[in-house]
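Trainee: Provided herewith is a single structure, encoded as structure tokens, for subsequent inquiry.
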Amino acid sequence: MVKSHTNYQLSDELLSPVLDILEAFVDPYLKKGLVSAECVTALSISDKRLQLSLVYPYPCMTQYRDTVMAITNRLAVLDAIDEVECEIDFQPRVYSALPSIAPIPNVKQVIAIASGKGGVGKSTTAVNLALALKAEGAEVGILDADIYGPSIPLMLGIPNFRPQSPDGKHMTAALAHGISAQSIGFMLSGDEAAVWRGPMAAGALAQLLNETQWPELDYLIIDMPPGTGDIQLTLSQKVPVSGAVIVTTPQDIALADAKKGITMFGKVNIPVLGIIENMSFHLCPECGHKEHPFGTHGGSQIAQKYNVPLLGSLPLHINIRESMDNGTPSVVSEPESEVSGIYREIARKLGAELALQQVTSTVKISISDDE
Ligand SMILES: Nc1ncnc2c1ncn2[C@@H]1O[C@H](COP(=O)(O)OP(=O)(O)OP(=O)(O)O)[C@@H](O)[C@H]1O
């Protein structure tokens, strides 16, 4: 069946085997064939040279080369095709789990990164994840909503940035390592925000979010304040969030708090896209021995119990801390390292989970239309 968003200019005779081959290529993250996943947008042929356009709903630029090679090899078995020219693009939709809240101008999707408890590495994960999404081809911004300990200015190496207001209404965002950033830490000195009560803090954050002049962004990452209290709840109700991610360590206490986080997002109808287990294991730099200082399998157990994906597990690694302290997070300072590979894998999974959420919500709408 030819869908409205597709432009297939092949004879029926050729179209059918080409689509069969593309459908047999199952995307590892969407878990569907490329045709069912609606990634195949255009097909044409001239002089036995097939032109194929793929549009992914999640960013996966580091995989393009392998994907093109694999597809080309499979299509080359057809006699009618001598060469394949494959163009790949990434185009997320505008999507919020809370459609009653006005969208943020220029921002397609908002991802809240939360933790039930402080110190589990939420900000470290949020920053590396934002940079990993960028490395996979997305335009990304990050809002430091960790009002009682804004750490993103230091983590991105821009502690002295001060927003400007060219129009007297909006503030500029900082640009670091290719991503945009805004933080209460750019405006307040020392502990000024630490004395704010919940509603004041949530109000200030909503203002910071809405009054920032964000450039065109595919994803805005919000580094939430740690915990599951009033500020987090209010913030979740004021921001058009597309989905949330919970960062935890495998420790019992952190896991108990992560469960509270899942429950909190459930209350405000924000889907939890997955759990990231941080400081999951320690690799001895001397002998390579793997230790589990905070216990084992905690993240995967709660992921299973609450039926949310475990997006990935990060080691406790000195380079993660040191590169953050230097303002050049692992994903940019050591792009070829195993740790950066884990962050990029999580970024692809997260983008795909968001895309799948939208499919689920579209299905719900079309069912009610038929009634
Ligand atoms: N996987 C890791 N390996 C080594 N150090 C880490 C790792 N993750 C985080 N850290 C370090 O742990 C400390 C706390 O991390 P971070 O500030 O990201 O936590 P947080 O959960 O955001 O804390 P809070 O919520 O209190 O602001 C930092 O010094 C950071 O560099």
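Trainee: Answer yes or no as to whether I275 is under 22 Å from L354 (Cα atoms) and either open to solvent by less than 10 Å² (accessible area, probe 1.4 Å) or of a type in the set (F, W, Y) (or both).
Mentor: So I275 fits the description; yes.
Trainee: Please go through segment 335-350 and pick out each residue that is open to solvent by 60 Å² or more (accessible area, probe 1.4 Å) and either of a type in the set (F, W, Y) or free of Cβ contacts under 8 Å to residues at least 40 places away in the same chain (or both).
Mentor: Selection gives E336, E338, E345.
Trainee: Can you tell me which condition S96 does not meet? The list is (1) among the hydroxyl-bearing types (S, T, Y); (2) in contact with a helix residue (DSSP H, G or I) (Cβ under 9 Å, 6 or more places away or on another chain); (3) under 18 Å from L356 (Cβ atoms), and all the others hold.
Mentor: The single condition S96 does not satisfy is (2).
Trainee: Shifting gears a bit: Determine whether L154 is surrounded by 20 or more Cβ atoms within 10 Å (Cβ to Cβ) and part of a helix (DSSP H, G or I).
Mentor: No, not satisfied.
Trainee: Report whether or not M61 is touching a Gly at 6+ places or on another chain (Cβ under 7 Å), open to solvent by 40 Å² or more (accessible area, probe 1.4 Å) and more than 16 Å from the ligand (Cβ to nearest atom).
Mentor: So M61 passes the test.
Trainee: Of the residues D230, D191, only one is more than 16 Å from the ligand (Cβ to nearest atom), open to solvent by 10 Å² or more (accessible area, probe 1.4 Å) and modelled with pLDDT under 80; which?
Mentor: D230
Residues checked against (1) open to solvent by 70 Å² or more (accessible area, probe 1.4 Å); (2) under 24 Å from R321 (Cα atoms):
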position	(1), (2)
M264	no, no
V268	no, no
P271	no, no
M279	no, yes
C284	no, yes
G288	no, yes
H297	yes, yes
K305	yes, no
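Trainee: Starting from segment 157-168, take each residue that is more than 20 Å from T124 (Cβ to Cβ) and list its partners that are among the hydroxyl-bearing types (S, T, Y), counting only C-beta distances under 6 angstrom and pairs at least six apart or across chains.
Mentor: P163/T172; Q164/T172
Trainee: For segment 168-188, give me the residue count where each residue is modelled with pLDDT of 90 or more, part of a loop (DSSP other than H, G, I, E, B) and either touching a strand residue (DSSP E or B) at 6+ places or on another chain (Cβ under 9 Å) or not assigned by TED's automatic domain parsing to the domain that holds L235 (or both).
Mentor: The qualifying residues number 3.
Trainee: Name every residue in segment 135-147 that is assigned to a loop (DSSP other than H, G, I, E, B) and either among the charged types (D, E, K, R) or within 15 Å of the ligand (Cβ to nearest atom) (or both), in order of residue number.
Mentor: If the condition is that a residue be assigned to a loop (DSSP other than H, G, I, E, B) and either among the charged types (D, E, K, R) or within 15 Å of the ligand (Cβ to nearest atom) (or both), then E136, E139, A145, D146, I147 are the ones that fit.
Trainee: Looking only at segment 324-338, filter to residues that are closer than 15 Å to A126 by Cβ and outside any loop (DSSP other than H, G, I, E, B); which one of those is farthest from the ligand (Cβ to nearest atom)?
Mentor: Here the residue is V332.
Trainee: Taking segment 68-79, which residues are touching a residue at least 40 places away in the same chain (Cβ under 8 Å) and under 11 Å from F25 (Cβ atoms)?
Mentor: Hits for segment 68-79 are A70, I71, R74, L75.
Trainee: Would you pick out the residues in segment 100-134 that are away from the ligand (no atom under 16 Å from the Cβ) and either touching a Lys or Arg at 6+ places or on another chain (Cβ under 6 Å) or without any contact (Cβ under 8 Å) to a residue 12 or more places away in the chain (or both)?
Mentor: S100
Trainee: Mind telling me which of the residues A80, A181 ends up being farther than 23 Å from L350 by Cβ and either under 24 Å from the mean Cα position of the chain (by Cα) or open to solvent by 30 Å² or more (accessible area, probe 1.4 Å) (or both)?
Mentor: A80
Trainee: For segment 248-257, check the following and say yes or no: at least one residue is open to solvent by less than 10 Å² (accessible area, probe 1.4 Å), modelled with pLDDT under 80 and either out of contact with any Pro (no Cβ under 7 Å at 6 or more places or on another chain) or assigned by TED's automatic domain parsing to the domain that holds L209 (or both).
Mentor: Yes, because at least one residue in segment 248-257 is open to solvent by less than 10 Å² (accessible area, probe 1.4 Å), modelled with pLDDT under 80 and either out of contact with any Pro (no Cβ under 7 Å at 6 or more places or on another chain) or assigned by TED's automatic domain parsing to the domain that holds L209 (or both).
Trainee: Can you give me the number of residues within segment 148-160 that are near the ligand (Cβ under 10 Å from one of its atoms) and not polar (S, T, N, Q)?
Mentor: 6
The values are calculated or read from the model by the stated rules, or taken from the named source; none is laboratory data. Model, not experiment: these values are computed from the prediction. Note that we place each Cβ from the backbone using ideal geometry, even for glycine, and neighbour counts take in every protein chain shown. Each accessible area value is taken on the protein alone, full model and side chains, heavy atoms only, with ligands, DNA and RNA left out. Shrake-Rupley method; radii C 1.70, N 1.55, O 1.52, S 1.80 Å.
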